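Structure first, then comments.
Bear in mind that the values in this text are calculations on the coordinates, not laboratory data. As the structure is a prediction and not an experimental result, all values here were calculated from the model. Note that each Cβ is placed from the backbone with ideal geometry, even for glycine, and that neighbours are counted across all protein chains shown.
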Amino acid sequence: MRRRQSSHTTARQTSPSFIHARPRHKEEASPVVGSYLAIAGSVVSSVAIVMVNKHILSSGFPFASTLTALHQLFGFFFTNALIAWGVIPQLPPPMPKQRMARTVVAALYASGLVLMNQSLALNSVSFYQLLKMSCIPTIAVLQFLTYGTTISLATTLSLVLILCGVFISTTTDPTGGAPNTSHPANTGLYQMNSIASLLHAFYPSVIAVLAVVSTALSQILLNRSPDLKRLSSLQSLAALSFMSFLVCGTAAIAVDVGIYPGDWVRLVLSLSGVSNVLYSLLPSGFEWLLFSGEEMDVVMRAAVEGGTDYHEFLDGVSSRAYLTEHILGKFVSFINKVSGPSTPLSWVFVSCLLSVLTNLFGFAVIKETSAITYQVVGHFKTVLTLGIGALLFGTDGLVGAKGVGLLVALFGMILYSTCK
């Protein structure tokens, strides 16, 4: 009798639930009420921050990557202030076999944010929706490969219904078909030779794959890491936010400021004299590895204006002066834009506050339930947004396929919540 009961318990643990996860040990089980509160808080805070961010990005602050970096920096200072004031306990040292867990999860989490934003910039809205939906099967596969975790047939069916419904509801927008070709990765450099053209063709797909994998891995490790599981949501934010800020801040410098890694590399090579060696070995081919396509054109024009040969310019002292002025000039221009009178600073502060709540509830959902459940909650937010839009602006936008997709997704979520 005892053996039969143990087998039943193990079977239940392999099926994620919309209400709460089935942890390995009974004493680790989270209350159902806590899971419900975490889910409700995640939905409300996420919808609120999306609305606030849309207002900010359309009101004089069109810097999405910088806003994401500010969210992480604010979370770091906010949680560490709470620790200093004794509101939350001090962070315990990492567990002996988990010393790198916090750094790895933070880097993967921030990379997922950055790469998802890049994928949206490079691809169509429909492709981006497919990308977000692919996180669920990716998590399921990675959990099976790394931990041997399987999900029940009923859970699988509910997930299929959710993904189909969200796909129908969100990918029938006629404005979402064409990829964004205005990104620097789509200009200049990648038309220089066959290798560059090949990179141009596969670059958006590589970014998309990396975005999904990094997002899935960060959520799986957050749910599975013993070192992070023992931390509260506020402690988790304190432990992860600074590394996340470094990753997001680096991306913001490239995307919003316009200073790419090649600029820094080229400047270091010029100052150190290594570029002389590169130039002597490969005088007509090394520079395309160091500049973005947009900046390559600028460098060529600068060489022409200076009356020097293009490759001599790249190899000479003039390139050092140009790059220094180029980097400093872009920083000054960016700071002037950010500090301008049209920047909605009060709304940026509100967005940072909401980001703390969004991260706290998001961490709670992942820890108390599962990474797959967190993704389901994310799709529920999408469905809820569509439903609220229909209530506020009329149901014309949900007629036909969109309305059917909404109903299918809702039915799948109800079925998922009943899976045991």
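Assorted remarks:
- In sequence order, calculated HN-Hα J values of the range 93-103 (Karplus, 6.51, -1.76, 1.60; Hz; x Gly/Pro): x, x, 5, x, 9, 10, 5, 9, 4, 5, 5
- Mean Cβ count within 10 Å, highest first, over the residues of peptides 354-366, 123-135: 354-366, 123-135
- Three-way shape call for the range 41-170 based on the alpha-carbon gyration tensor, with the a/c threshold at 1.5: oblate
- Label-to-label distance for residue 304 and residue 154 is 7.0 nm, based on points extended 7 Å past Cα in the beta-carbon direction.
- In a fully extended conformation the segment linking residue 37 and residue 164 would gain 43.0 nm over its present Cα-Cα distance, using 0.36 nm per residue.
- Mean Cβ count within 10 Å, highest first, over the residues of peptides 347-353, 146-152, 247-253, 373-379: 373-379, 247-253, 347-353, 146-152
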